[in-house]
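Beneath this line is the structure, given in structure tokens, with notes to follow.
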Amino acid sequence: MKNEMPRLPYPINGLEPVISAETIEFHYGKHLQTYVNNLTNLSKGTEYEQKDIEDIVSAAPDGGIFNNAGQVLNHAIYFLQFTTPGQSKGPEGRLAELIARDFGNLDELKRQMEEAAIGLFGSGWAWLSLDKDGKLQISKESNAGNPLRRGHKPLLCIDVWEHAYYIDYRNRRADHVKKLWDIIDWKAVADRL
Ligand code: MN
């Protein structure tokens, strides 16, 4: 993908009551927009200016360009994985098979993702990814981390920077994380395999 704002596949209030319109206004409209703007400014005149975000995240050394590209990619994956409550259906097809093989069942995947997201110290992301051997993995990544940097395919993420939940849930990160399952678009996740 290019360095630009992803188009949301739902209205700004479409994720309520799990994520409020006000949180989308700030998280998508201000935080993500700032990462896009920062990356535009930082990459100007460098070898990264024309590169796709995935290539920057894979190759850039630690520092400002990586941090902002990571946040652009992470938030695109994050905001495009949601759907209106009630529309969320469970995993199907190959994704369902992989979950059964690698976790036993969906509840166990959810439990391990919640544990990673709730237990992550400071700001960062919990990730579900497909590793180089084709196995599903859950990981904790600090700050702008993305398992793409280790050659994995990123599939699903939980943002645990406080800006993701503080308007709606204040300090109750665990409550926020557990509610996210109501709005996961598993079809969008499966399309990333
Ligand atoms: Mn965020």
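All of the numbers you see were taken from the coordinates with simple rules; none came from a lab. Remember, predicted model here, so these are calculated numbers, not experimental data. Glycine also receives a Cβ, built like all others from the backbone with ideal geometry; neighbour counts cover every protein chain displayed.
Residues whose amide H comes within less than 5 Å of that of residue 161, counting only those at least five positions distant or on another chain, are 124 (H built at 1.01 Å from N in the peptide plane).
Whole number please: convex hull volume per residue, Cα atoms of the chain, in Å³. Display every interim value, and only then the final one.
Numbers: hull volume 20.5 nm³, N = 193.
Per residue, the Cα convex hull of the chain comes to 106 Å³.
A simple charge model with +1 on the Cβ of Lys and Arg, -1 on the Cβ of Asp and Glu and nothing else charged puts the dipole of the range 69-167 at about 280 debye relative to its Cα centre. For residue 155, nonlocal amide neighbours, meaning residues 5 or more places apart or on other chains whose placed amide H falls under 5 Å from its own, are 128, 129, 130.
Please give me the summed charge of the neighbours of residue 70: other residues whose Cβ is under 14 Å from its Cβ, Lys and Arg +1, Asp and Glu -1. Mind dumping the intermediate values first?
Details: positive: 51, 149, 150; negative: 52, 54, 55, 62, 141, 159.
Value of the local net charge: -3.
If a/c stays under 1.5 just call it rounded; otherwise compare a/b with b/c (prolate if a/b is bigger, oblate if not). Do that for the range 104-162, with a ≥ b ≥ c from the square roots of the Cα gyration tensor eigenvalues. Oblate shape, in that a/c is at least 1.5 and b/c is the bigger or equal ratio. Shown in residue order for the range 114-128 are the 3J(HN,Hα) couplings computed by the Karplus curve 6.51 cos²θ - 1.76 cosθ + 1.60 at θ = phi - 60°: 4, 4, 5, 5, 6, x, 5, 7, x, 9, x, 9, 9, 10, 10 Hz (x for Gly and Pro).
Run through the range 77-186 and list the trypsin sites (Lys or Arg not before Pro) located in a DSSP loop whose Cβ has at most 11 other Cβ atoms within 10 Å. All intermediate terms of the calculation are to be shown ahead of the outcome.
Numbers: sites: 89, 94, 101, 110, 111, 132, 135, 140, 149, 150, 170, 172, 173, 178, 179; in loops: 89, 132, 135, 170, 172.
Taking the range 77-186 and a limit of 11 other Cβ atoms within 10 Å, the loop trypsin sites (Lys or Arg not before Pro) found are 89, 132, 170.
Percent of C-alpha pairs per 5 Å bin in the range 15-91, short distances first: 3, 15, 22, 20, 13, 11, 9, 6, 1, 0. Pick out, from 27, 152, 165, the residue whose Cα sits farthest towards the positive end of the charge dipole of the chain, with +1 on the Cβ of Lys and Arg and -1 on the Cβ of Asp and Glu. Most positive-ward Cα: 152.
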